[in-house]
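Everything on this sheet refers to the single structure shown next.
The values are calculated or read from the model by the stated rules, or taken from the named source; none is laboratory data. It should be emphasised that the depicted structure is a prediction, and the values quoted were computed from it without experimental measurement. Please note: Cβ atoms are built from the backbone with ideal geometry, for glycine as well, and neighbour counts cover all protein chains shown.
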Amino acid sequence: MYTTKKKYIFVVFTAQLLLITTIWGCSYNKTSPDILYDQQIATPLNPQTYRSDCDTLLITCIDYRYAVANQEFINETLGLKDNYDHISIPGSIYNLVNPETQGLLFSKFELSVRLHLIKRIVIISHIDCGAYGGSASFGSEIAERETLITDLTNARRLLIEKYPTLEVNLYIESLAKEGDGLKVNFEKIP
């Protein structure tokens, strides 16, 4: 299922995405990375975040198209502002169900669960994920959706096997055209 060629393509894709994100971010901000190191930047911290624990671990893909919507969803819709750890992984769920990469991911989850006393894990997967080869690799919207649901439910099973006391919530997000713009839809998977 997970061939060497797919791993190579995924690694190359991830490296290219990180490079493009860095270049785009610096040009968008009209700064170079060197300038950022010469400055001290401080932002106020919510007094509620002084504690050393949080309720939820959020796992998402790194896809920039969904980053802002993910933050709004978890902060506002789920009401978890300043009360969650966020791990963003290229391909999110794809790498959790892949036997070759899941050990590394579980080691990172373990830190959050153990050190921050996590009670719930929220996993958000998205349509048109590059780790899967994008929507075109599925042949149909139905096949893509079924694959994501299968992988999400397998991820929940793996997480509950390892952390039986945790609640695991699953979501699929997708882009939808609304007027002249796009919006992000979140669908809870039972």
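Tabulated data for the structure shown
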read-out	value
Gly134 vs. criteria in contact with a Gly (Cβ under 9 Å, 6 or more places away or on another chain) and either modelled with pLDDT of 95 or more or assigned by TED's automatic domain parsing to the domain that holds His86 (or both)	no
Hits in region 162-184 (condition: more than 15 Å from the chain's Cα centre (by Cα) and polar (S, T, N, Q))	Thr165
Yes/no for Leu175 being at pLDDT below 90, among the hydrophobic types (A, V, I, L, M, F, W, C) and over 14 Å from Thr60 (Cβ atoms)	no
Ala136 being among the aliphatic types (A, V, I, L, M), within 20 Å of the chain's Cα centre (by Cα) and in a helix (DSSP H, G or I)	no
Top-ranked residue of region 95-131 - restricted to ones that are touching a Ser or Thr at 6+ places or on another chain (Cβ under 8 Å) and not hydrophobic (A, V, I, L, M, F, W, C), ranked as modelled with the lowest pLDDT	His116
Asn154 being polar (S, T, N, Q), assigned by TED's automatic domain parsing to the domain that holds Cys61, on the phi < 0 side of the Ramachandran plot and not in a helix (DSSP H, G or I)	no
Members of region 67-86 that are within 21 Å of Leu182 (Cα to Cα), of a type in the set (A, V, I, L, M) and touching a strand residue (DSSP E or B) at 6+ places or on another chain (Cβ under 6 Å)	Ala69, Ile74
Filter result (within 15 Å of Leu96 (Cα to Cα) and of a type in the set (S, T, N, Q)) within region 137-168	Thr147, Thr150, Thr153, Asn154
